[in-house]
Every structure is written in C-alpha cells, then in structure tokens.
1. Compute the relative contact order of chain B as a whole-number percentage, counting only Cα pairs closer than 8 Å that sit 6 or more residues apart in sequence.
2. Kindly express, to the nearest 10 degrees and within the range 0 to 90, the angle between helix A:312-321's C-alpha long axis and the longest C-alpha principal axis of chain A.
3. Taking the solvent-accessible surface of protein heavy atoms with a 1.4 Å probe, what is the per residue accessible area of the stretch B:201-261 in Å²?
4. Would you please report the Å³ per residue occupied by the convex hull of the alpha carbon atoms in chain B?
5. Do any residues of the stretch A:26-60 show a loss of at least 40 square angstrom of accessible area between the isolated chain and the full protein assembly, using a 1.4 Å probe, and if so which?
6. Helix-derived [θ] at 222 nm for the protein assembly as shown: sum -39500 (n - 2.57) over DSSP H runs of at least 4, divide by residue count, nearest 500?
7. Can you tell me which of A:G329, A:G74, A:G235 moves the most in a GNM of chain A? Springs connect C-alpha atoms under 10 Å apart.
8. Explain nothing, just the number: relative contact order of the stretch A:19-145, from Cα pairs under 8 Å at least 6 residues apart, as a whole percent.
Amino acid sequence: MMNRNNRIYLDYAATTPLADEVVEAMLPYFQKEFGNPSSLHRFGQRAEGALEEARMTIAAHLNCSDEEIVFTSGGTESDNLALRGCAFARREQVGANHLLITAVEHHAVSHTAEQLARHFGFEVEILEVDSQGLVSPEIVQNHIRPNTALVSVIYANNEIGSINPISEIGKICRERGVPFHTDAVQATAYLSLDVEALNVDLLSLGAHKFYGPKGIGALYVRKGIPLLPCQTGGGQEWGLRSGTPNIPYIVGMSTALKFVQKNQANWTTSLAHLRDWLIEQVLKRIPQSRLTGHPTQRLPNLASFVFKGVHSQKLIALLDAEGFACSSGSACKTGNPSPSEVLLAMGIEPELALSSLRVTLGRDTKLEHLESFVDCLIEKVVQLRG
Amino acid sequence: MSEKTVVVGMSGGVDSSVAAALLQRQGYRVIGVMMSLWSEQGREKVNRCCTPDSMRLAKRVASILDIPFYTLDVREPFYNQIVSYFIQGYQSGITPNPCVQCNRQIRWGALLNFALSLGADYLATGHYARIVTDELGVFHLYRAKDHSKDQSYVLHMLTQSDLARTIFPLGDLTKSEVRQLANEFQLPVAQRAESQDLCFLGGEDYRSFLMRHLDELPPSGAIVDTHGRYLGQHQGLPFYTIGQRKGLGISGGKPFYVVAKDLENNLLVVGSKEDTRKKTFTVTQVNWIGGNPSVSTLELTVKVRYLSPFLAAKLRIQEDGSCQVELSEPYWDITPGQAAVFYQGERCLGGGTIQIVLS
Ligand SMILES: Cc1ncc(COP(=O)(O)O)c(C=O)c1O
C-alpha cells in the first residue's frame with residue numbers, strides 16, 4: 001500500500017488546489033486591505049479598487065464589459081441566480097412560463113428547475129441527449145417556444161466531459177429571442193469563454209475548478225437580459241446580488257483566471273495527450289470496459305468509464321486505499337447510490353451506470369502517475385469482479 | 001517645501017485622468033473628486049459628464065494612481081442654478097450657455113469650496129488653458145498651446161481668487177500628447193466620442209427637454225420677415241435659436257433663417273442668411289480677469305460662440321460696466337445669452353453675456 005504522502009489526486013473536476021500565486025494574491029485582503037468596498041473612505045476605496053480590477057480581469061477573459069459580471073458564492077449560486085432570476089423576470093415581463101433544460105445538467109440547474117416547476121408553476125421541459133451525452137441544436141430548435149423563459153445547456157458536463165455545441169444552440173435562442181444560459185463551471189480551465197462567440201446571455205463560473213478558492217463564483221449577465229435578484233439587500237453587484245462582496249476570494253478568482261490564461265494552451269494539449277493515453281490503456285487492458293461520453297469532443301482532462309460488474313463505490317474506496325483519488329462522477333456520496341441521471345439519459349442501463357469511474361487530470365498529473373494508476377485499476381477491477 | 005495638496009476634478013475622461021497623473025508625478029498630493037450632476041430621472045445613464053460608467057472609470061483611474069477619491073453630490077445646486085437657468089433662459093428668449101454658468105457656480109463654486117474644505121491648496125481640472133502670473137503677481141488666462149482644444153472661452157469668468165487656486169496641467173500639451181501620456185501612465189480611457197452637447201441633455205435635442213420642463217407651453221405666434229410681413233406660425237419662441245434654418249415650416253423661395261426673436265410681440269423674425277449677419281451688440285455681466293481696463297475703448301478680438309473664430313472688434317466700456325462691441329466685419333448668428341469673450345493675442349481678457357444685438 002502506498003504511503004499517505006504519496007497520494008495521487010485524479011479528481012480535478014471535483015475541485016483543484018489553489019495555485020501559489022492565488023493564495024499570495026488573496027492574503028493582503030484578509031487583514032491589511034480589509035475594507036468594505038461600499039465604504040467611502042480609503043479602506044473602502046482600496047477594497048473597491050481590488051474588486052473592480054478583479055471584475056475587469058474576468059470581463060476581459062469573457063470578452064464582455066465589466067458591468068456584465070456579478071460575483072456570487074460559486075457555481076451553484078450562479079446557476080440558481082441565472083435560472084430563478086431569469087425565469088421570474090421573464091414571466092413578469094412577457095408571461096414566459098416554459099423552461100428548457102437538458103438531461104445532462106448539473107443539479108444546481110436541474111434541481112432549481114425542478115423547484116420552479118413544483119412550487120412556482122413553471123413548465124420545465126428536459127431535452128434528451130444522444131448516446132454520447134450531447135445536446136443537438138436541432139432538438140433545441142424543435143422544442144423552443146414563444147413562451148420559453150430561458151434555455152439552459154451545460155457547456156461541458158462534469159461527469160462525462162462532453163462538450164456541447166453552445167455557439168450553435170445560442171444562435172437558435174438568439175433568433176427566437178430567448179435568453180440562453182450555460183453552466184461553464186467545468187469548461188473554464190480548458191475552453192474559450194468568449195461570450196460573443198458562444199452566443200450566450202448568462203454564463204456560470206466557479207473558481208475552485210480552476211485553481212481558485214471554493215465559495216466564490218461569478219455569473220455573466222448580458223446587458224439587457226432581465227434578471228430578478230434572488231438575494232436582496234444593500235444593492236451590491238448592480239443590485240443583482242446583495243451582500244458585502246468577498247474581496248479576498250474575488251481577488252483569488254481573478255488571479256486563478258490569469259493562471260488559466262497562462263496555462264490553458266499548454267494544458268489543452270498536454271492533458272489531452274495524457275487523457276488519450278489513459279483511455280487507450282483502460283479500454284485495451286480491461287475487458288468489458290467502456291468509455292462514456294464523446295470520444296473526442298470532451299474536456300481534455302476528463303476520462304470516464306463504466307466497468308461491467310464493478311460497483312463504483314467500492315472501486316473508489318479500493319483505489320483510494322492505494323492512494324489514488326478519483327470519483328464515480330455522480331454526485332451521490334452516502335447511502336445507497338442511485339445511478340447517475342446523466343448516464344441513464346445516454347441510454348446506459350441502470351446497473352452499468354452504477355459502475356462508473358471518472359478520472360480527471362490537472363496541472364500536476366504526470367504520465368508515471370497514470371501508469372501506476374492503470375496497473376492498480378486493472379488489479380482492483382479484477383478483484384471486484386471476483 | 002511641504003507637499004501641496006491639489007484636488008482634481010475628475011470625469012473618467014482622458015483629460016482629467018492625465019491631469020491627475022501629471023500632478024502626482026510633479027509631487028503634489030492628489031485627491032480625485034467627481035461631481036454627480038443633475039440628470040433627469042431615468043436618463044442618468046446618458047448624462048455626458050457623470051454616467052455611472054464614467055464614475056466607475058474615474059474610480060478606476062484613482063485606484064490605479066492610488067489616490068483618494070470622493071464624489072461630491074451637486075445635483076441640487078446644479079438643478080437650481082444651471083438647469084433652471086437654462087429653462088428660464090429659453091423661456092425668456094435667450095440661448096443660455098449653461099457650461100459657463102456651471103464653471104462659475106459649480107466648478108469654481110461648490111467644487112472649489114469642497115476642495116478647500118478637504119485642506120487642498122489648489123483645484124485642478126483637465127481644461128485646456130494656461131494661467132500666467134505677471135511680475136506684479138496678477139494672474140492672467142491664456143489660450144491653450146493646442147489652439148484646436150483651447151477652452152479659455154468657457155473659463156472667461158474666472159476671477160483672481162479663482163485663478164490663484166487653480167491649476168490647468170494640460171495647458172501646454174496637445175491632445176495627442178495627452179493621449180500618449182495616458183498610455184504611458186497606463187490609464188484606461190473610454191472610447192467615448194467627444195461632444196459639445198450639454199451634459200444633462202444626454203444627446204437629446206434641447207427642444208424635447210424643454211417640452212417636458214417648461215411650466216407652461218409657450219404660446220405660438222407669427223413668423224414675420226424683416227419687413228413685418230406674415231409668413232406663418234411658430235410653435236413658441238423658446239423652440240427656435242438665432243440662425244436656425246430647419247424646422248421653420250415656411251415653404252417656397254429661398255431659405256429663411258431666424259434673425260431675431262421679438263419677445264414683446266411674440267414674433268419670430270426670419271430673413272435671408274445675409275440678414276443674420278450683425279456687427280454691433282452689447283455685453284453685460286462683464287468679468288475682466290486682470291482687473292478693469294484703464295481706458296474706455298479697446299481694440300481686441302472677440303469670440304461670440306465656443307467655436308466661433310476670433311473676430312476683430314472695437315469695444316467701448318459704458319458707465320455701468322457693460323460693453324458695446326462693434327465688429328470690423330459683420331458675423332453670423334450673434335445670439336443673446338451666449339458669451340462674448342475678449343482676447344488680445346493669446347491672452348483672454350475676460351468676457352460677458354451677449355445682451356442685445358443692435359445691428
Ligand atoms: C458543471 C458544474 N456546475 C456547478 C457546480 C457547482 O459548483 P459549486 O459546488 O462550487 O457551487 C459544479 C461543481 O461540482 C459543476 O461541475
């Protein structure tokens with residue numbers, strides 16, 4: 001068994017460690033520069049300066065203007081604000097009562113939509129995906145209605161890594177005059193977030209998936225898109241998200257985004273290379289294994305599999321005991337795991353869906369880690385198939 | 001020398017931003033202040049001088065320079081002294097110049113006072129003009145080195161005590177040098193178009209603004225030619241300015257221009273382009289920057305509008321301090337309410353308000 005200090009982290013889609021420069025950039029804002037950005041004095045002005053500079057960095061990365069960035073407490077809140085805020089505002093403005101989401105959304109989107117349906121009278125329609133987990137522009141075209149309040153399609157899925165044709169879908173929504181939201185939480189580190197090229201009106205970010213801190217995120221809100229605030233109070237963040245902004249974390253997020261800018265080109269090639277090596281080895285060496293999601297149109301750092309006859313919860317425990325940290329991909333952590341809705345939506349049988357494994361790579365992943373990981377994985381799969 | 005403190009009136013624009021950066025480089029302790037001026041409800045975002053956008057830009061500049069930044073709420077005095085003056089001016093038949101009024105009452109009024117109360121020694125702005133002190137310690141206002149940007153016209157009402165506390169850091173620079181400096185100082189500058197429009201109109205035609213703000217709609221009346229012949233009806237005198245050609249609603253023949261407004265008889269007098277050319281007019285509320293002249297007649301040049309050329313003129317100072325100006329050549333569209341500003345060479349002597357156009 002590996003010793004504790006030699007743990008190999010292969011769960012970068014769950015969260016990432018903070019980059020050194022992120023921690024460094026955050027530190028002054030806990031004690032020295034602790035002001036409230038709403039205060040009129042110098043303490044406040046310094047904090048506001050940091051806040052607005054962070055906003056500009058993020059806006060520049062998204063190719064939008066800084067008034068279109070709203071800081072939130074993370075990806076979940078961004079998704080909530082986008083869905084709930086836009087649904088209520090569009091119903092009030094034009095009576096739109098229909099929400100279009102997909103079968104591969106993160107729960108932050110799907111459960112919010114579900115609540116809007118169950119408790120607030122919205123009609124929620126869930127679009128099907130193909131066997132690789134992709135949403136087609138055609139299906140959006142066929143289901144969008146004059147009374148659609150919002151369309152929400154995940155950019156890159158967190159379980160299977162499939163990348164949706166956001167730009168094409170956005171074009172359809174634009175033509176129909178329906179606001180379009182995408183959850184880009186998993187996409188941020190690897191894909192372009194140019195909101196003009198993507199034709200999106202709302203876009204969710206969460207810092208801890210790209211070497212920033214947990215508990216901080218942002219929502220891009222295109223100028224003119226109606227949004228009812230979900231959190232009211234002092235009117236911060238253009239009145240869309242009241243509450244004293246979390247300056248150290250916001251500074252951390254913008255520094256993390258700069259870290260992404262510096263490394264993205266390198267990661268997208270080097271990690272994709274490692275990912276493809278891993279996929280090839282696993283499929284070649286483990287019988288009755290299957291890749292889930294699209295073979296190429298997927299996040300460069302994400303490999304996801306199902307192994308017939310293997311219980312993924314056990315597999316993860318066994319791998320962890322050997323020092324390899326990865327995940328099943330489904331959110332469920334305790335009790336009786338239920339099969340992933342995403343995998344079911346792709347047509348994978350429930351039993352097979354319970355055998356999923358998600359391996360996600362990051363900045364510290366090396367080929368030698370994956371070599372020993374594959375050896376270990378083969379051993380554990382064999383062991384569990386008994 | 002102890003460090004002097006200067007308040008820079010900031011707008012988020014390149015000029016005031018560079019002014020602040022230059023003063024900081026020269027060793028001043030710089031404080032940025034931006035005024036929130038009055039905007040009509042619902043039109044705050046199009047105010048040319050203080051949109052939320054420009055406010056954020058100014059804050060950003062202050063943050064980059066790491067200088068204190070405060071906003072000064074002058075919405076009420078701005079409305080009471082500038083906007084009402086503008087509305088009443090039109091109502092009374094003149095074409096007011098609210099920018100001159102704003103400089104007098106707001107910038108070198110409320111803003112200067114605020115600067116002094118912050119402990120500042122000086123107020124600086126991004127205006128293009130120069131201040132020169134002579135051997136007797138008298139302050140003089142000079143045209144900017146960049147003649148195409150010179151703003152001395154709207155500063156002619158400054159007094160000795162104003163000038164003693166004022167710095168114009170851009171007076172010796174051209175606009176392109178200022179842009180280059182902005183680049184050097186790494187200051188963000190908005191790509192907004194420069195405009196001569198009044199800030200609170202936000203790009204709108206002043207007539208629509210007046211429509212909403214006049215206490216009662218002005219009575220319509222007759223349009224007549226210079227011989228008193230009836231040509232049609234006008235919609236109310238405030239909606240016309242001297243020299244206006246479009247929108248008169250008179251058809252046929254050669255184009256007509258507004259030559260005068262006869263308020264007493266509610267007549268709009270129109271004529272040929274030639275009829276709008278005048279030579280003699282009176283100027284009241286005259287400010288002489290360097291003190292009253294010791295002689296009663298002066299040869300000088302005069303500007304009758306912000307963008308008019310320098311016109312050669314002879315000026316006679318009356319007993320009551322008002323002036324009679326006689327141009328050597330007649331000039332178009334001399335308009336009561338606008339400022340007439342006097343120059344000798346590069347020096348701006350002062351100026352006043354055009355009162356009556358005589359001939
Ligand atoms: C696609 C996606 N959206 C939203 C979230 C929610 O992020 P957070 O838990 O940081 O709010 C996650 C994180 O798991 C995610 O992967």
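1. Relative contact order here is 16 percent.
2. Relative to chain A, helix A:312-321 is tipped by roughly 80 degrees.
3. Per-residue accessible area for the stretch B:201-261 comes out at 54 Å².
4. About 150 Å³ per residue, rounded to a whole number.
5. A:R42, A:Q45, A:E48, A:M56
6. -9500 deg cm²/dmol
7. A:G235
8. 14
The values are calculated or read from the model by the stated rules, or taken from the named source; none is laboratory data. Bear in mind the structure is a predicted one, so any value in this text is a computation, not a measurement. With ideal geometry, Cβ positions are generated from the backbone for all residues, glycine too; neighbour counts draw on all protein chains shown. Side chains are part of the model used for accessible areas, which takes the heavy atoms of the whole protein and leaves out ligands, DNA and RNA. Shrake-Rupley method; radii C 1.70, N 1.55, O 1.52, S 1.80 Å.
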